[in-house]
Amino acid sequence: MQPFRFVHAADLHIDSPFKGLLKYEPRIAQRLKDATYEAYSNLIDLCIAQDAAFVVIAGDVYDGADRSVQAQMRFRDGLNRLQDHEIQSFVVHGNHDPLDGRLSRIPMPESSHAFGPDPEWSTASVKGTPVAQIQGVSYPTREVHDNLALQFTPPSGALFSIGLLHCNVGGIAEHDNYAPCTVDDLSATGIDYWALGHVHTRQTLRQSGPAIEYPGNLQGRHPNESGPKGALVVDVDEAGRVTSRFEPLDVVRWESLDVSINGLADVDALLESAHAAIETERIRADERDLVCRISFTGRGPLHHDLSADNALEDLTNELRSNLSASASLIWVERISDRTAPTVDIDALTDRDDFVGAVMKRSLAALNHEGSEATLRESLASVLGQRRFSGVLEMPEDDQMAEIVEAARFELAELFERED
């Protein structure tokens, strides 16, 4: 087998609208929209710099079914650059950009192959010599609930084989369960490498026999898509063995930072600590543009300052103002308060009186199996009231424990004051 190299990318989401940010922060929304184009340009640069034989793109090239003309032209221009360097491209479309979406009459280069609604094989070559066979399928419409992996056919011949599929393997909860399948379904096809898309978190489901990989998306678009984003450079040797490495391509990095109030005397010290955390993260991100969500944590007297009306909003604006002069974009998306007062909550819980009984009950609310359902039922009765409709939403699972823990410390502080 002739050794070769290819690049595996997915979930480009070119031209994401960022509607939520556009309403409140149009400058940041525009920067993030531009970032999807720049990250795609970085992908093209990577393919050329790494002398890749071809690139596979596993779905969601565009963010919406009705692709903008600009997005389609920019995508075409990138593929033309690859063609100029004799690099082929193989593309499937996913739930965000299905085949029934709006397409303009913009011809793609001859070196690019877009797969249709039924699995089909195509061949990748290096200087006219076939090196790999690629089978892929695109979503005909947005919602595909069939197991598309079962429709793939086994490879024939001695060429290295690649399966290109936008799917949810194992029912990953954070993503819509489109084209659901299992590792066993993929392994049973006899295909050597599965180039997957749809899941925005980079992960290797299997290293060999076959290799099954998600590269993650190309550019983070919200706080839950934090950390480096990019593509995989995959090498195949003479024996068909696969090695891959991740290359970051994002231009705006999302991060969540914890800043502790422990040992801090005043708000100025807290702001200085927040600045230091942001600068550390900016350096770690190779001085990319940075959008961060900050959580104040720990226990101390500053808890009372942060509990004051508009305190978090004022600190957010102060940080944004101070960071606006930075050479690169650094934007504080939100600050949350997860601090607690300086109280001996364990001592209060151990008391053999009313205070101890209440604190024990609050602790049980954190640990009891049925407590979350009870809490949600209680909250639903409040959030369902007309004056809160459309204003307050039910907390997510990871927020519920934080809310109960914060309530425990508020109770403890009140009891300690009464003593």
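Quick look at the values:
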read-out: Farthest toward positive dipole pole in the chain [+1 Lys/Arg, -1 Asp/Glu at C-beta], among 262, 373, 148; value: 148
read-out: Rule-of-thumb Rg ratio for the chain [Cα; 2.2 N^0.38 Å; N residues]; value: 1.18
read-out: Residue among 122, 345, 177 farthest towards the positive dipole end of the chain, charges placed on Cβ; value: 122
read-out: Integer Hz, Karplus 6.51/-1.76/1.60 couplings in order for the range 228-242, x for Gly and Pro; value: x, 10, x, 9, 9, 9, 10, 10, 10, 8, 4, 8, x, 6, 10
read-out: Rounded to 5, percent antiparallel among DSSP beta bridges of the range 201-326; value: 55
read-out: Tilt relative to the chain, helix 26-49 - C-alpha long axis, 0 to 90 degrees, to 10; value: 40
read-out: Sorted by Cβ density within 10 Å, fewest first, the residues 18, 246, 90; value: 246, 18, 90
read-out: Part-to-part distance (alpha-carbon centres) for the range 38-72 and the range 252-283, which is given in Å; value: 35
read-out: 127, 33, 360, 229 arranged by Cβ crowding within 10 Å, fewest neighbours leading; value: 127, 360, 33, 229
read-out: Integer Hz, Karplus 6.51/-1.76/1.60 couplings in order for the range 75-90, x for Gly and Pro; value: 5, 4, 4, x, 5, 5, 4, 5, 4, 4, 9, 6, 10, 7, 9, 10
read-out: Hull-based mean projected area of the range 65-217, where the convex hull spans the alpha carbons, in square nanometres; value: 9.1
read-out: Considering only the chain, percent of DSSP beta bridges that pair antiparallel, nearest 5; value: 35
read-out: Dipole in debye (nearest 20) - the chain, about Cα centre, beta carbon charges: Lys, Arg +1; Asp, Glu -1; value: 1420
read-out: Packing rank of 254-262, 210-218, where each peptide gets the mean count of other beta carbons within 10 Å, highest leading; value: 210-218, 254-262
read-out: Crossing angle, helix 397-418 versus the chain [Cα axis fit, 0-90 degrees, rounded to tens]; value: 10
read-out: Order of 361, 67, 288 - criterion: other Cβ atoms within 10 Å of each residue's Cβ, fewest first; value: 361, 288, 67
read-out: Lys/Arg +1, Asp/Glu -1 at C-beta; the range 4-248 dipole; positive extreme among 37, 191, 159; value: 37
read-out: Table column - 3J(HN,Hα) (Hz), the range 163-177, Karplus curve with 6.51, -1.76, 1.60, x for Gly and Pro; value: x, 10, 8, 9, 7, 10, 8, x, x, 4, 5, 6, 10, 4, 7
read-out: Contour minus Cα-Cα distance for residue 256 and residue 34 (0.36 nm per residue); value: 77.7 nm
read-out: Fully extended contour minus Cα-Cα distance, from residue 372 to residue 68, at 0.36 nm per residue; value: 105.1 nm
read-out: Net charge of Cβ neighbours under 12 Å - reference residue 97; Lys, Arg +1; Asp, Glu -1; value: -3
read-out: Sequence-distant residues sharing a close amide H with residue 231 (under 5 Å, placed H); value: 247, 249
read-out: Nearest-ten-degree value, helix 311-323 long axis tilted from longest Cα axis of the chain; value: 50
read-out: Nonlocal amide H pairs with residue 213, under 5 Å, H built at 1.01 Å; value: 194, 196, 205
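Where a number appears in this text, it was derived from the coordinates with a stated rule and is not lab data. From a predicted model like this one, the values you see are computed outputs, not experimental measurements. A quick note on method: Cβ atoms are made from the backbone with ideal geometry, for glycine too, and the neighbour counts reach across all protein chains shown.
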